[in-house]
Amino acid sequence: MIDLKNTTFLIPVRIESACRFRNLYMVLHYLLKNFETNIIIAESDSSSKVPVVIEQLRELGLNVGQITHMFYQTDDSLFHRMFLLNEMLEQVKTEVCVNYDCDIILPIGSYVQAQTMCLDEYDLVYPYAFGENTQLRVVL
């Protein structure tokens, strides 16, 4: 297990399909299986579906204690991603936080490298390739 205890993954989500449910399950499984880290999920919907995902992961023996789940009940058809991110940011206790999406999985080394970069001299890291560079430095 790789130590990313100094990092918190923020995942805003609305599970509106079986595909999104599966994606969240796969992302959480990947993060929990590979990293000692912190995960905050902010779910906004008419009813909460994330606890089912967490229970399935618990049954596999994964440490779901790393997950904090926040639920915002709403019948609004709009998904207020930035509101959820701001709510999760207030809960972060680590030096590094990751604005994460439940539809992406990156190579393990990307997470480690990004945490190292943020703890060193970088303020922000994008995990996308730009030409020959795999990380982009943004000076704030």
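The values are calculated or read from the model by the stated rules, or taken from the named source; none is laboratory data. Because the structure is predicted, anything quoted here is derived from the model rather than measured. Positions of Cβ are backbone-derived with ideal geometry, glycine not excepted, and every protein chain shown enters the neighbour counts. Quick note on the areas: whole protein, heavy atoms, side chains included, nothing else; ligands and nucleic acids left out. Shrake-Rupley method; radii C 1.70, N 1.55, O 1.52, S 1.80 Å.
Going by the structure shown, is P12 modelled with pLDDT of 95 or more, open to solvent by 10 Å² or more (accessible area, probe 1.4 Å) and not aliphatic (A, V, I, L, M)? So P12 fails the test.
Residues that are out of contact with any Leu (no Cβ under 9 Å at 6 or more places or on another chain), more than 26 Å from P107 (Cβ to Cβ) and open to solvent by less than 50 Å² (accessible area, probe 1.4 Å) within the range 18-47 comprise just one, D45.
When D120, D103, D75 are checked against the criterion of being open to solvent by 60 Å² or more (accessible area, probe 1.4 Å), among the charged types (D, E, K, R), out of contact with any Cys (no Cβ under 8 Å at 6 or more places or on another chain) and under 19 Å from Y25 (Cβ atoms), D103 stands alone in meeting it.
Pairing each residue of the range 52-74 that is at negative phi and touching a residue at least 12 places away in the same chain (Cβ under 8 Å) with any residue that is open to solvent by 60 Å² or more (accessible area, probe 1.4 Å) and charged (D, E, K, R), provided the two are 6+ apart or on different chains, yields C-beta distances under 7 Å for L62/K33; V64/R58.
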